[in-house]
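Every number in this text was worked out from the coordinates using simple rules, so none of it is lab data. Because the structure is predicted, anything quoted here is derived from the model rather than measured. Every residue, glycine among them, receives a Cβ derived from its backbone with ideal geometry; neighbour counts consider all protein chains shown.
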């Protein structure tokens, strides 16, 4: 397995992946440098639709893939894997990152998000899917998201940002809405985390191994799901 030392930036204008660098500080991407397009298989770029068909990328950078706000990721087929093994120190990691809204949908495809290579020495926040100042909607596909240890906090699925919202004039968006597909995640202390108590899991949901909610429901509203048994995934699926 090859480990790259850069972040992929998806460009909706040319439909290509570009090599780049950047890091998150105070809930914003800073020191961003985006370079030339790179040849990598397993995706199709169709404007703000990013279709995954087996993309595989592992990096020692803090973030594996950055997409523009408003992107819809379609898990069309195959198994796509985004993995972060950060060099640190003080990294805020994410396998999939955007500032703004993001939708994940699809049919037969699977997206594996792996930030289990983090440690308390290298990482402040260990996350997999992260929407900053935006809303995350998941309506299809199979998604696995496993976060590793860190010195402050973690979230396999995270949306929001508020500590520095007033400083930057940002809106405190941060809802997570799950209406389809299958999610399996592991992160402590909160596996699925939406700021401002805006986590919604739609009708016919089945949630397993979650402290705040377990079983079946017509609809669930809350702010987070945490592992009841920290050796097993939190699971969200639909009957």
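Miscellaneous remarks
- Value of [θ]222 nm, deg cm²/dmol, for the chain, DSSP H segments ≥ 4, -39500 (n - 2.57) each, nearest 500: 0 deg cm²/dmol
- Going from the fewest other Cβ atoms within 10 Å to the most, the residues 151, 216 appear in the order 216, 151.
- On a per residue basis, the convex hull of the C-alpha atoms belonging to region 78-190 measures out at 89 Å³.
- Per-residue Cβ neighbour rank within 10 angstrom, fewest leading, 52, 225: 52, 225
- Sequence-separation-based contact order of the chain, relative, with Cα cut under 8 Å and 6+ spacing, percent: 13
- Debye intensity ratio I(q)/I(0), log10, region 199-239, q values 0.20, 0.24, 0.35 Å⁻¹ (C-alpha model): -0.52, -0.73, -1.28
- Distance distribution P(r), the chain, all Cα-Cα pairs, bin width 10 angstrom from 0: 9, 35, 39, 15, 1 percent.
- Each residue, residue 167 and residue 30, gets one label point 7 Å from its Cα in the Cβ direction; the gap between the two is 0.8 nm.
- Within the chain, percent of DSSP bridges classed antiparallel, to nearest 5: 35
- Enclosed volume per residue, in Å³, of the convex hull spanned by Cα atoms of region 37-128: 90
- Inter-centroid distance (Cα atoms) of region 1-64 relative to region 198-239, Å: 30
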